[in-house]
Amino acid sequence: MSLVPDDPFKQLANIRKEVERLFSEFPSAFNWENNMFGNLKIDIHETAKEVIVICDIPGIENEEDLHIHVEHEYLSIRGMIAIIREVKKENMYRQERSSSTFQRTVALPSPVSSEGIKATYKNGILEVRMIKTNKKKPRSVDIDFN
């Protein structure tokens, strides 16, 4: 009986996902950017051909206020929400403006292609559909023979 796991890299991937899960559950006081939303709640689904991410982000009004970046096995979502609060009562009128930024990066369950990504935002819900790929970026290493 061997004490070495069959695939040590699989163990490292499991540890990475567990660490990411642990840090994603910190309250908003631990976020690098102070935002009122804490961590964005993200659902990740996987089909045979796609990885689908669904995220609740209420309050986005302009396309320029939401940015998505996909890199092989990671998805980053960042943006800004501007909020205007207006109070009208008898003999009183007040209007407050504030804005909040947010950012979240998550590991995807499978590598995805940078081509054919479809993102839709409707009624405060962002849906991102990415096509899976088996292609991995080639890496070359120069060897010094001295």
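Overview of values
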read-out: Label-to-label distance, nm, for residues given as S110 and D65 (7 Å Cα→Cβ offset); value: 3.5 nm
read-out: Gained length - I117 relative to D43, 0.36 nm times residue gap less alpha-carbon distance; value: 25.0 nm
read-out: Aspartates and glutamates whose Cα lies under 14 Å from that of K10, excluding same-chain neighbours fewer than 8 positions away; value: E18
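All of the numbers you see were taken from the coordinates with simple rules; none came from a lab. The model shown is predicted, which means the values in this text are computed figures rather than measured ones. So basically every Cβ, Gly included, is an ideal-geometry build from the backbone, and we count neighbours across all protein chains shown.
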